[in-house]
1. For the structure I just gave you, tell me whether Leu164 is at pLDDT 95 or above, surrounded by 15 or more Cβ atoms within 10 Å (Cβ to Cβ) and closer than 30 Å to Ile102 by Cα.
2. Determine whether Lys175 is touching a helix residue (DSSP H, G or I) at 6+ places or on another chain (Cβ under 7 Å), loosely packed, with under 15 Cβ neighbours inside 10 Å and assigned to a helix (DSSP H, G or I).
3. All but one of (1) within 20 Å of Glu150 (Cα to Cα); (2) open to solvent by 30 Å² or more (accessible area, probe 1.4 Å); (3) among the hydrophobic types (A, V, I, L, M, F, W, C); (4) part of a helix (DSSP H, G or I) hold for Leu170; state the number of the condition that does not hold.
4. Return the residues of segment 46-93 that are open to solvent by 70 Å² or more (accessible area, probe 1.4 Å), free of Cβ contacts under 8 Å to residues at least 24 places away in the same chain and either over 21 Å from Ile36 (Cβ atoms) or not hydrophobic (A, V, I, L, M, F, W, C) (or both); say none if nothing qualifies.
5. Taking Lys215 as meeting all but one of (1) open to solvent by 70 Å² or more (accessible area, probe 1.4 Å); (2) in contact (Cβ under 8 Å) with a residue 12 or more places away in the chain, write down the number of the exception.
6. Residue by residue through segment 17-32, note down the ones that are under 37 Å from the mean Cα position of the chain (by Cα) and either open to solvent by 70 Å² or more (accessible area, probe 1.4 Å) or not small (Gly, Ala, Ser) (or both).
7. Checking Tyr120 against (1) aromatic (Phe, Trp, Tyr); (2) more than 21 Å from Phe13 (Cβ to Cβ); (3) open to solvent by less than 10 Å² (accessible area, probe 1.4 Å), which test does it fail?
Amino acid sequence: DSDADSANALAHFEVVLSKVNPDERAKLASTTATPIELYAFCFDKEPSVIRALWTNINVTHAHARFAAFNHRTAAGLDLIAQRNEFLKDPHTQRRLVRNPMISETLLRRILVPKRLLDIYKLTLDREASERTRASARGYLRNKFATTDAEDRMELIWKTEGRALASLSGLSIDSKTAALICGRQIMSVMLVQSFTRFAATPPSVISHFLKQALVKRQVHLRNALLKHPNCPSDAKRAF
């Protein structure tokens, strides 16, 4: 959606449609097939009108994506999500989570089924509101404690451990640790992230100390040896 398209639709709403009484607007919203009107009604904040709009058989994914970005009431955004075909659309989802008016209920519906990596990306999304990013951080921590080891591994591995900064106070289970220990370590950032993570498992530290990357870089080795969870046998080896 270009800025010009949004401006045209908003102008049509303000100059034409907003002058019509709410009952007439609701009736028109439920039946119109005029493109400019379908987009313009996305700016309407009257509950009865926006509810009528989403019963209109002419409404498409394009209108849902437009409204997800431009509409400014939590109730209106919730109405979009009542249509499952719209809620499952990745483009609509992305715009909904970046809309500052999204409700906690709707945000939860979108985020809970997602993998950790997708939730983590939202915590960094500067186009989302601070409230949304803070909520995403909460969902990330809650899900990390309950999801499967493969999901945890994907988050840690693909972020090179950067996500661990958002998980302080949580632990890493033995299965996730085993998955990490089953891979060759090629990332300095990953090692550094684990040296700063208080709950790094002893088995992961031992695995890192055996890696060529760590053996070549004394500062990484020393940081691992100073970690509170470093096994005593690993310390003796050095």
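The values are calculated or read from the model by the stated rules, or taken from the named source; none is laboratory data. Since this is a predicted model, take the numbers as computed values, not measurements. Glycine also receives a Cβ, built like all others from the backbone with ideal geometry; neighbour counts cover every protein chain displayed. In case anyone asks, the SASA skips ligands and DNA or RNA and just uses the protein heavy atoms, side chains included. Shrake-Rupley method; radii C 1.70, N 1.55, O 1.52, S 1.80 Å.
1. yes
2. Details: touching a helix residue (DSSP H, G or I) at 6+ places or on another chain (Cβ under 7 Å): yes; loosely packed, with under 15 Cβ neighbours inside 10 Å: yes; assigned to a helix (DSSP H, G or I): yes.
Yes, satisfied.
3. It fails just one condition, (4).
4. Passing the criteria: Asn84, Lys88, Pro90.
5. (2)
6. Quick first cut of segment 17-32, residues under 37 Å from the mean Cα position of the chain (by Cα) only: 17-18, 22, 25-32.
Scanning segment 17-32 gives Leu17, Pro22, Arg25, Lys27, Leu28, Thr31, Thr32.
7. (3) is the only condition that Tyr120 fails.
Here is a yes/no grid of residues against (1) modelled with pLDDT under 95; (2) in a loop (DSSP other than H, G, I, E, B); (3) not hydrophobic (A, V, I, L, M, F, W, C):
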{"site": "Thr92", "(1), (2), (3)": "no, no, yes"}
{"site": "Leu106", "(1), (2), (3)": "no, no, no"}
{"site": "Lys114", "(1), (2), (3)": "no, yes, yes"}
{"site": "Leu117", "(1), (2), (3)": "no, no, no"}
{"site": "Ser135", "(1), (2), (3)": "no, no, yes"}
{"site": "Arg141", "(1), (2), (3)": "no, no, yes"}
{"site": "Glu150", "(1), (2), (3)": "no, no, yes"}
{"site": "Glu160", "(1), (2), (3)": "no, yes, yes"}
